[in-house]
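This report concerns only the one structure given below.
Throughout, read-outs are computed from the coordinates displayed, never taken from laboratory work. Remember, it's a predicted structure, so these values are computed and weren't measured experimentally. Quick reminder, even Gly has a Cβ in these numbers, built from the backbone with ideal geometry, and neighbours come from all protein chains shown.
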């Protein structure tokens with residue numbers, strides 16, 4: 001494992017983790033949404049087939065979430081995140097080379113698998129570098145890398161596709177893959193697994209007993225339940241965001257795109273905001289507040305048609321929801337410590353992956369039944385409220401709260 005003596009290096013660690021998420025989520029997941037229309041047309045895919053590609057991405061993510069966490073706890077985050085980034089980059093190149101549904105499905109599955117290997121360990125790594133009173137802030141910054149990518153992908157991809165003609169969507173995937181490769185090299189060279197002062201803990205190996213303790217932990221299952229509910233409600237909201245505005249409410253694609261851009265722009269600040277609040281009042285209380293705000297945003301999308309109200313709901317959705325994965329990473333670090341943070345986060349990430357698979361499917365089925373997305377957004381609001389209630393049972397387990405002193409961790 002790569003070590004360093006300088007405690008200030010932790011901000012470099014944050015930056016590298018931020019860029020990892022920027023690549024795998026921002027390009028690997030959000031980039032797909034931007035490229036999909038041209039890709040679907042060129043490959044002659046039906047709507048169901050195009051949707052299945054997103055599902056394959058989620059399946060790969062869900063399967064590898066736990067494996068990636070375990071491997072990161074065993075071999076160190078730097079190596080596993082680098083492998084995940086490399087796999088994601090190669091899968092992006094592969095997506096650009098595909099000529100049919102089968103090959104594209106394999107490429108999207110591998111993209112999801114690589115994303116899981118990079119995402120969870122990048123967040124969990126913060127537990128090794130930050131004391132509990134700052135862990136929420138640091139863990140919250142990392143996942144907002146995807147929000148920055150969302151802001152950039154929106155305006156860049158259409159121009160790139162237009163410049164490349166019928167093959168423009170392939171060029172977009174090649175560009176994403178090339179940037180991700182550069183980030184892979186940077187992480188491999190620059191990232192560090194933990195401060196030099198903790199080198200004694202770096203050689204402690206993950207055992208079956210450790211995994212058994214995580215699986216038997218009531219707190220791990222409580223976090224998993226909340227994370228599942230979040231994944232269900234959040235991705236249901238996110239998946240149908242632009243379709244709700246255009247197909248149901250009659251707004252132009254440009255207006256919908258601008259509001260989508262608002263979500264990404266305010267989401268960049270979400271991690272710091274949510275993380276700092278959680279450092280002050282605890283992870284459970286912060287999650288409850290966040291989920292209630294998300295429920296209000298979903299309810300607004302379900303019941304209100306006024307553009308100003310929908311814009312306000314978009315701001316609330318982006319500002320509160322985009323930093324949630326960091327809160328779960330901090331909660332795992334609070335309870336299981338730096339050594340088991342990645343494995344425990346990987347365990348609960350399996351459940352958010354399942355929620356992300358089920359939520360959009362149920363939302364789409366409701367749309368088919370009612371010819372409107374109103375019931376889907378009402379369901380999203382209800383699930384967010386349910387998650388808020390369950391999060392009230394997530395009592396504070398930060399070491400400083402238990403012991404009454406501040407950690408001396410750098």
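Sort the following peptides by mean Cβ neighbour count (other Cβ atoms within 10 Å, averaged over residues), highest first: 181-188, 356-363, 228-235.
On the way: 181-188: 18.6, 356-363: 20.5, 228-235: 25.9.
The densest-packed peptide leads the list: 228-235, 356-363, 181-188.
Taking 0.36 nm per residue of separation and subtracting the Cα-Cα distance, what length does fully extending residue 166 through residue 213 add?
Answer, rounded to one decimal: 11.6 nm.
Sort 245-255, 112-122, 274-284, 337-347 for me by packing, meaning the mean count of neighbouring Cβ atoms within 10 Å per residue, highest on top.
112-122, 337-347, 274-284, 245-255
Using Stokes-Einstein with the Kirkwood hydrodynamic radius over Cα pairs, what translational diffusion coefficient do you get for region 202-352 at 20 °C and a viscosity of 1.002 mPa s, in µm²/s rounded to a whole number?
Details: Rh = 16.7 Å.
This corresponds to a translational diffusion coefficient of 129 µm²/s.
Average the reciprocal distances over every distinct pair of alpha-carbons in region 312-355, invert the result, and give the Kirkwood radius in Å.
For region 312-355, the Kirkwood estimate is 11.5 Å.
Per residue and in Å³, how big is the convex hull formed by the alpha-carbon atoms of region 1-113?
On the way: hull volume 10.1 nm³, N = 113.
Dividing the Cα hull volume of region 1-113 by its residue count gives 89 Å³.
Can you tell me the orientation of helix 10-21 relative to the chain, as the angle in degrees between its alpha-carbon axis and the longest Cα principal axis, to the nearest 10?
30
What label, among (i) 33, 25, 18; (ii) 35, 26, 21; (iii) 31, 28, 22, belongs to semi-axes √(5λ) of the Cα gyration tensor in Å computed from the structure on display?
Recomputing semi-axes √(5λ) of the Cα gyration tensor in Å here gives the entry labelled (i).
With springs only between Cα atoms under 10 Å apart, run a GNM on the chain and tell me which of 49, 131, 294 wobbles the most.
49
Express in whole angstrom the spacing between the alpha-carbon centres of region 126-157 and region 281-313.
21
Using the C-alpha gyration tensor of region 30-185, what are the square roots of 5 times its eigenvalues, in whole angstrom, with the largest one first?
Sorted largest first and rounded, they come to 30, 17, 13 Å.
Using only Cα atoms, figure out Rg for region 240-313 and give it as a multiple of 2.2 N^0.38 Å.
So the Cα radius of gyration is 1.26 times the expected 2.2 N^0.38 Å.
Before anything else, pin down the relative contact order of the chain: Cα pairs under 8 Å, at least 6 apart, normalised by residue count, whole percent.
Once divided by the residue count of the chain, the mean separation gives 26 percent.
In degrees between 0 and 90, to the nearest 10, how far off the longest principal axis of the chain does helix 101-124 point, with axes built from Cα atoms?
Value to nearest ten degrees: 30.
So what is the 222 nm mean residue ellipticity for the chain from helices alone, if each DSSP H run of at least 4 adds -39500 (n - 2.57) and you divide by all residues, rounding to the nearest 500 deg cm²/dmol?
That comes out to -27000 deg cm²/dmol.
Residues of region 241-264 with amide nitrogen under 18 Å from the 7 Å Cα-to-Cβ point of residue 370?
Counting only backbone N, you get 241-250.
Going highest first, how would you order 305-311, 55-61 by mean Cβ packing within 10 Å?
Taking the mean over residues of other Cβ atoms within 10 Å, the ranking is 55-61, 305-311.
Compute the normalised compactness of region 99-169: alpha-carbon radius of gyration over 2.2 N^0.38 Å, N being the residue count.
1.56
Using 0.36 nm times the number of residues separating residue 395 and residue 133, minus their current alpha carbon distance, what extension gain do you get? Walk me through the numbers before you get to the answer.
Numbers: separation 262, 0.36 × 262 = 94.32 nm, distance 1.57 nm.
My answer for the length gained is 92.7 nm.
What do you get for Rg/Rh of region 29-91 when both radii come from the Cα atoms and Rh is the Kirkwood radius?
Reported Rg/Rh, Kirkwood definition of Rh: 1.10.
Take the alpha-carbon centre of region 94-124, take the same for region 361-393, and report the distance between them in whole Å.
Centre-to-centre distance over Cα atoms comes out at 27 Å.
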